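Beneath this line is the structure, given in structure tokens, with notes to follow.
The values are calculated or read from the model by the stated rules, or taken from the named source; none is laboratory data. Just so we're clear, the structure is a prediction, and the values are computed from it rather than from any experiment. We place every Cβ from the backbone using ideal geometry, glycine too, and count neighbours over all the protein chains shown.
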Ligand code: IVH
């Protein structure tokens, strides 16, 4: 094929693919089969490979992602990304309407009603019709440049569908993960031993901040656009502006309606409060906007939000169901969690069978009893909660619920510290779920990452008395594992048979073998020391460099580590002074695990800063977290407060005068952002 032919064919293919994408993602229609669509895309990919200079930034092949961004660039918003005032009753909406009418001096105002999508806000910038930036809300003034990630979302046009695009256009919308896709995606995460996301909103916001855009491409994300900031010359009202951008290729919700007055708005609320659970994605309210642009201008903005728009938040959905029983789970730290077993019931699009009851105080305050009809609500968390009891439906023979006093798993008497809400099983050493929980934590992804041991296999090893501590994993052999089996029933009653055939055993042994190379910081995290998360473990490893040094550290030396406060330091001291833990660490060391930090911290890009210590203070052109990340990426260390060990104070605008005086007194070099950027080149 000649270059000219390629140019022609590429532009034909782009037009066709964009047309089918728009039909599929924005209009829920399909003119060709998935297979034919894939063939068009493959042909385009092949042509772009043969003629790389013909690859355009708006090519639909860019939707599959591939670029990796380590640190997102900060971009200042052209117009601040504001929030909306919230209301919770129609009465409050009438007050909003009265304020609007008073300012405008009119009797009635036309409103547009939209759903309030529960996702993550995005600002999309187009220059001469091409998508050039996708920016998150950030702090409202500046946000992260996540362009490569949002390019993978097919309902966002990469090029505006018009031969005469405006020179500049900004469109705002919300990225959501539809509920069905969210549930499948979470199941996948659980199967891989990853933490599930609490709700579709968190999943959407986590997705668009991923470093690898090809991972984002695999996530089921969708974008609803709802606002065009700045002057829109093509329309005189909000409704028309959205209809205009719809023609340009943006996805606008079909549910948007115009009402002549605030009474119409009430109809919209009542309709969607009932119907929202039927929607495939989460909405947490509705947004009411003055339709006419002239009137919007007249109303203007407060410091935080437009005066011409307001949100009405739905009450969390509730259902009543019967509480069949209260059961107790024992966590890896021994904490007891009471769980309500419910008669299965439909709530906010999913079936609920269990709810969290938190602790003994909550059960007694609400006087919840097995057999009661309870009100269940879905909040932001993955597990729904019980918010009340319908006393009128309580059985007459019902009795107060007695909280347990002994561990349901090992029978030990439970303890409760005065300052804590939870009961604990003190049998740290022998209580089975605590032992299994510690080992499960040890093999987890962020820890030793022995994924060949996940999904119930620890249970098999425990039942066969092969493991009692994490160190026992390193004594496992082929002959001790081969032929073991167990039938496992999960909480949803699904029965699986686990049997250790030769392939499984070899995989387990390989996983254990490979874990010997896991860096020290993750070994430290894997021990499961209370309050020591992955980040703290990394900081401790960077600071002390070896297990030997860490074991010697005093309480006060521990406190010097960035982000280590009294609670963590106490927990570390108590963990390391326990002879049983010392014995386990000794065995892990003998097994060949990494007990020293390699020369540079594991994810250092370049060691330009060579272990120098920084205290970052004040306001910078990028976020403080980003600056701290850069310090670590270039081999430096962050400290939260200035001490004689600090090498540099990185001072932004408005650095506190006390910090400045202290740095000067200790003779510490104070540098600005530009100088720092020069240091790291
Ligand atoms: S309009 C200047 N419309 O809610 C007004 N916002 O609390 C811009 N949201 O940050 C916002 N659905 O992330 C608008 N139909 C909708 C919305 C919506 C969801 C989000 C948006 C905004 C937040 C305000």
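Hey, among the residues in region 43-79 that are free of Cβ contacts under 8 Å to residues at least 24 places away in the same chain and part of a helix (DSSP H, G or I), which one's surrounded by the most Cβ atoms within 10 Å (Cβ to Cβ)? Explain how you work it out, then say what you get.
Start the filter on region 43-79 by keeping residues that are free of Cβ contacts under 8 Å to residues at least 24 places away in the same chain, which leaves 45-46, 49, 52-53, 55, 61.
From the residues that got through so far, the ones that are part of a helix (DSSP H, G or I) too are 45-46, 49, 52-53, 61.
Numbers: 45: 16, 46: 11, 49: 10, 52: 7, 53: 6, 61: 19.
In this case the residue turns out to be 61.
Quick check: anything in region 113-126 within 25 Å of residue 167 (Cβ to Cβ) and away from the ligand (no atom under 14 Å from the Cβ)?
From region 113-126, those within 25 Å of residue 167 (Cβ to Cβ) are 121-126; that's our starting set.
Now narrow it down to the ones that are away from the ligand (no atom under 14 Å from the Cβ): 125-126.
Yes, region 113-126 contains a residue that is within 25 Å of residue 167 (Cβ to Cβ) and away from the ligand (no atom under 14 Å from the Cβ).
Go through region 190-205 and report how many residues are away from the ligand (no atom under 16 Å from the Cβ) and out of contact with any helix residue (DSSP H, G or I) (no Cβ under 9 Å at 6 or more places or on another chain).
The qualifying residues number 3.
Going residue by residue through region 103-111, is there one that turns out to be in contact with a strand residue (DSSP E or B) (Cβ under 8 Å, 6 or more places away or on another chain), within 16 Å of the ligand (Cβ to nearest atom) and at pLDDT 95 or above? Spell out the reasoning first.
Narrowing region 103-111 to residues in contact with a strand residue (DSSP E or B) (Cβ under 8 Å, 6 or more places away or on another chain): 109-111.
Okay, now just the ones that are also within 16 Å of the ligand (Cβ to nearest atom), so 111.
Keeping just the survivors that are at pLDDT 95 or above gives 111.
Yes, because at least one residue in region 103-111 is in contact with a strand residue (DSSP E or B) (Cβ under 8 Å, 6 or more places away or on another chain), within 16 Å of the ligand (Cβ to nearest atom) and at pLDDT 95 or above.
Inspect region 206-214 for any residue being part of a helix (DSSP H, G or I), within 22 Å of residue 87 (Cα to Cα) and either within 13 Å of the ligand (Cβ to nearest atom) or at pLDDT 95 or above (or both) and give the result as yes or no. Steps first, answer last, please.
Taking region 206-214 first, the residues part of a helix (DSSP H, G or I) are 206-208, 213-214.
Keeping just the survivors that are within 22 Å of residue 87 (Cα to Cα) gives none.
No, region 206-214 contains no residue that is part of a helix (DSSP H, G or I), within 22 Å of residue 87 (Cα to Cα) and either within 13 Å of the ligand (Cβ to nearest atom) or at pLDDT 95 or above (or both).
Hey, can you tell me all the residues within region 632-645 that are buried (at least 17 other Cβ atoms within 10 Å of the Cβ) and under 26 Å from residue 598 (Cα atoms)?
So in region 632-645, the residues buried (at least 17 other Cβ atoms within 10 Å of the Cβ) come out as 632-639, 642.
Matches in region 632-645: 632, 633, 634, 635, 636, 637, 638, 639.
Name the single residue that is modelled with the lowest pLDDT among those in region 422-445 being part of a loop (DSSP other than H, G, I, E, B) and farther than 14 Å from residue 333 by Cβ. Please lay out each step first, then the result.
Kept after step one, since they are part of a loop (DSSP other than H, G, I, E, B), are these residues of region 422-445: 422-423, 425-431, 444-445.
In the following step, the residues that additionally are farther than 14 Å from residue 333 by Cβ were identified as 430, 444-445.
Values: 430: 93, 444: 92, 445: 85.
Only one residue fits best here, namely 445.
Scan 341, 399 and give me the residue that is surrounded by fewer than 17 Cβ atoms within 10 Å (Cβ to Cβ) and in a loop (DSSP other than H, G, I, E, B). Show your work before the answer.
Details: 341 fails: in a loop (DSSP other than H, G, I, E, B).
Sole residue among the options that is surrounded by fewer than 17 Cβ atoms within 10 Å (Cβ to Cβ) and in a loop (DSSP other than H, G, I, E, B): 399.
Hey, residue 230 hits all of (1) surrounded by fewer than 18 Cβ atoms within 10 Å (Cβ to Cβ); (2) within 16 Å of the ligand (Cβ to nearest atom); (3) within 28 Å of residue 319 (Cβ to Cβ) but one; which does it fall short on?
Only one criterion is unmet by residue 230, namely (3).
If you check every pair at least six apart or on different chains, which have Cβ atoms under 6 Å apart with a residue in region 270-297 that is assigned to a strand (DSSP E or B) first and a residue that is away from the ligand (no atom under 16 Å from the Cβ) second?
Partner pairs satisfying both residue conditions: 290/109.
Out of all the residues in region 154-178, which are touching a helix residue (DSSP H, G or I) at 6+ places or on another chain (Cβ under 6 Å) and more than 16 Å from the ligand (Cβ to nearest atom)?
Matches in region 154-178: 154 only.
Find the residue count for region 81-102, including only residues that are under 16 Å from residue 292 (Cα atoms) and within 13 Å of the ligand (Cβ to nearest atom).
0
From 370, 344, 408, which residue is at pLDDT 90 or above and more than 17 Å from residue 324 (Cα to Cα)?
None of the other options fit; the residue is 408.
Any idea which of 497, 503, 486 is under 19 Å from residue 437 (Cα atoms), modelled with pLDDT under 95 and over 29 Å from the mean Cα position of the chain (by Cα)? Talk me through it step by step, then tell me what you get.
On the way: 497 fails: under 19 Å from residue 437 (Cα atoms); 503 fails: under 19 Å from residue 437 (Cα atoms).
Residue meeting the stated conditions: 486.
For region 315-333, how many residues meet the condition of being under 27 Å from the mean Cα position of the chain (by Cα) and either surrounded by 17 or more Cβ atoms within 10 Å (Cβ to Cβ) or in a loop (DSSP other than H, G, I, E, B) (or both)?
Final tally of qualifying residues: 7.
Can you find a residue that is assigned to a loop (DSSP other than H, G, I, E, B) and either free of Cβ contacts under 8 Å to residues at least 24 places away in the same chain or under 30 Å from residue 473 (Cβ atoms) (or both) anywhere in region 364-383? Write out each step before concluding.
Restricting attention to region 364-383, the residues satisfying the condition of being assigned to a loop (DSSP other than H, G, I, E, B) are 367-372, 378-383.
Add one more test, that the residue is either free of Cβ contacts under 8 Å to residues at least 24 places away in the same chain or under 30 Å from residue 473 (Cβ atoms) (or both), and what stays is 382.
Checking region 364-383: at least one residue is assigned to a loop (DSSP other than H, G, I, E, B) and either free of Cβ contacts under 8 Å to residues at least 24 places away in the same chain or under 30 Å from residue 473 (Cβ atoms) (or both).
Here's the yes/no breakdown for (1) out of contact with any helix residue (DSSP H, G or I) (no Cβ under 9 Å at 6 or more places or on another chain); (2) closer than 26 Å to residue 520 by Cβ; (3) without any contact (Cβ under 8 Å) to a residue 12 or more places away in the chain; (4) crowded, with 18+ Cβ neighbours inside 10 Å:
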{"residue": "587", "(1), (2), (3), (4)": "no, yes, no, no"}
{"residue": "617", "(1), (2), (3), (4)": "no, no, no, yes"}
{"residue": "647", "(1), (2), (3), (4)": "yes, yes, no, no"}
{"residue": "656", "(1), (2), (3), (4)": "yes, no, no, no"}
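Please count how many residues of region 308-319 are in contact (Cβ under 8 Å) with a residue 60 or more places away in the chain, more than 10 Å from the ligand (Cβ to nearest atom) and over 11 Å from residue 86 (Cβ atoms). Steps first, please.
Let us first name the residues in region 308-319 that are in contact (Cβ under 8 Å) with a residue 60 or more places away in the chain, namely 308-313, 315-318.
Within this subset, residues satisfying the condition of being more than 10 Å from the ligand (Cβ to nearest atom) are 312, 315-318.
From what is left, the residues that are over 11 Å from residue 86 (Cβ atoms) are 315-318.
Final tally of qualifying residues: 4.
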